[in-house]
Amino acid sequence: HPGHPFQIQWHPFQLNPDMPPEGVAKRAYLEAKFGGKARVDAIHDRLREVARSAGVDMDPDKPQRMPNTLNAHRLIHWAGIESLQSPVVTALMQAYWSQGRDIGDLETLADIAAENGMDRDATLRLLQSDADAEDIAARDADARAKGVNSVPTFLIAQQYVVSGAQPPDLWGKVIAEIAGKAE
């Protein structure tokens, strides 16, 4: 929605906060979680359909690992400091869903940072430390305490909460309504 009056900020929330740091084999994890191959295939078919209708190239079967996303959230936080948050989030999504890259891997995260204008070596050093890990975990816990339990969840203008993937026309209506109130 060109010309919208909002500043987009990304906040940490992990679907699987207890995921091992190295992640797990994605397909086996999902089949255990959702009740088998057929159920996962149906979910993936629906994801493909939604993505295709929105003009997004995405293959939910391409990623082989289900990552622990704490470090990806740390990268998103640091990208925000450099006013690069949305490009880095977009790159993370493309890396995972379109390219099948392991966004739990520190080297991959440092590469994504560099591909989006951040200093690769500095980012890798931060990722290899515990910098901001407690803050990100606390912010994740705060979101849970406030009732967030799925992704995506959107807080718009500090007054509307929208959960789940929504069609572009819904977003156009929400933005038009809020922008109209802002004028």
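The values are calculated or read from the model by the stated rules, or taken from the named source; none is laboratory data. As the structure is a computational prediction, the values presented were derived from the model and not from experiment. A quick note on method: Cβ atoms are made from the backbone with ideal geometry, for glycine too, and the neighbour counts reach across all protein chains shown. In case anyone asks, the SASA skips ligands and DNA or RNA and just uses the protein heavy atoms, side chains included. Shrake-Rupley method; radii C 1.70, N 1.55, O 1.52, S 1.80 Å.
I need the full set of residues from the range 1-15 which are surrounded by 12 or more Cβ atoms within 10 Å (Cβ to Cβ), modelled with pLDDT of 90 or more and out of contact with any Gly (no Cβ under 9 Å at 6 or more places or on another chain), in order please. It would help to see each step written out before you state the result.
The first filter runs over the range 1-15 and keeps only residues surrounded by 12 or more Cβ atoms within 10 Å (Cβ to Cβ), leaving 1, 4, 6, 10-14.
Filter once more, keeping what is modelled with pLDDT of 90 or more: 10-14.
Listed by number, the residues that qualify are His11, Pro12, Phe13, Gln14.
Any residue at all in the range 143-159 that's aliphatic (A, V, I, L, M) and touching a strand residue (DSSP E or B) at 6+ places or on another chain (Cβ under 7 Å)? Quick ask: steps written out before the conclusion?
Restricting attention to the range 143-159, the residues satisfying the condition of being aliphatic (A, V, I, L, M) are 143, 145, 148, 151, 155-157.
With touching a strand residue (DSSP E or B) at 6+ places or on another chain (Cβ under 7 Å) added as a condition, the list becomes 155-156.
Among the residues of the range 143-159, at least one is aliphatic (A, V, I, L, M) and touching a strand residue (DSSP E or B) at 6+ places or on another chain (Cβ under 7 Å), which makes the answer yes.
Criterion first (open to solvent by less than 70 Å² (accessible area, probe 1.4 Å) and more than 17 Å from Val89 (Cα to Cα)) does Asp140 satisfy it? Working first, answer last.
Numbers: open to solvent by less than 70 Å² (accessible area, probe 1.4 Å): yes; more than 17 Å from Val89 (Cα to Cα): no.
No: the conditions fail for Asp140.
May I ask you to verify whether Gln64 is under 13 Å from the mean Cα position of the chain (by Cα) and at negative phi? Steps first, answer last, please.
Numbers: under 13 Å from the mean Cα position of the chain (by Cα): no; at negative phi: yes.
So Gln64 fails the test.
Which residues, taken from the range 86-112, are of a type outside the set (Ser, Thr, Tyr), under 24 Å from His44 (Cβ atoms) and open to solvent by 40 Å² or more (accessible area, probe 1.4 Å)? Explain how you work it out, then say what you get.
Within the range 86-112, the subset of a type outside the set (Ser, Thr, Tyr) is 87-89, 91-95, 97, 99-107, 109-112.
Restricting the remaining residues to those that are under 24 Å from His44 (Cβ atoms) gives 89, 91-95, 97, 99-105, 112.
Correct list: Met93, Gln94, Trp97, Gln99, Arg101, Asp102, Asp105.
Here is a list: Ala25, Ala91. Which entry is in contact with a Lys or Arg (Cβ under 8 Å, 6 or more places away or on another chain) and farther than 23 Å from Ala143 by Cα? Walk me through how you get there before you give the answer.
Working: Ala91 fails: in contact with a Lys or Arg (Cβ under 8 Å, 6 or more places away or on another chain).
Residue meeting the stated conditions: Ala25.
Take the residues of the range 113-130 that are open to solvent by less than 40 Å² (accessible area, probe 1.4 Å) and polar (S, T, N, Q): which is nearest to Pro12 (Cα to Cα)? Quick ask: steps written out before the conclusion?
Within the range 113-130, the first condition is being open to solvent by less than 40 Å² (accessible area, probe 1.4 Å), and the residues that meet it are 113, 116, 118, 122-124, 127.
Checking the rest, the ones that are also polar (S, T, N, Q) come to 116, 123.
Numbers: Asn116: 19, Thr123: 18 Å.
Among them, the one singled out is Thr123.
Hey, among Glu82, Glu49, which residue is under 19 Å from Ala110 (Cβ atoms), charged (D, E, K, R), open to solvent by 50 Å² or more (accessible area, probe 1.4 Å) and without any contact (Cβ under 8 Å) to a residue 40 or more places away in the chain? It would help to see each step written out before you state the result.
Working: Glu49 fails: under 19 Å from Ala110 (Cβ atoms).
So the residue among Glu82, Glu49 that is under 19 Å from Ala110 (Cβ atoms), charged (D, E, K, R), open to solvent by 50 Å² or more (accessible area, probe 1.4 Å) and without any contact (Cβ under 8 Å) to a residue 40 or more places away in the chain is Glu82.
When you scan the range 21-40, do you find a residue that is closer than 26 Å to Ser83 by Cα, of a type outside the set (Gly, Ala, Ser) and at pLDDT 95 or above, even just one? Before the answer, list the steps.
Of all residues in the range 21-40, those closer than 26 Å to Ser83 by Cα come to none.
There is no residue in the range 21-40 that is closer than 26 Å to Ser83 by Cα, of a type outside the set (Gly, Ala, Ser) and at pLDDT 95 or above.
For residues in the range 144-157 being within 19 Å of Phe6 (Cβ to Cβ) and not in a loop (DSSP other than H, G, I, E, B), which is least open to solvent (accessible area, probe 1.4 Å)?
It comes out as Ile156.
Tell me which residues, restricted to the range 16-46, are buried (at least 16 other Cβ atoms within 10 Å of the Cβ) and small (Gly, Ala, Ser).
Listed by number, the list holds a single entry, Gly23.
Say whether the condition of being open to solvent by less than 60 Å² (accessible area, probe 1.4 Å), over 18 Å from Met19 (Cβ atoms) and modelled with pLDDT of 90 or more is met by at least one residue in the range 158-181.
no
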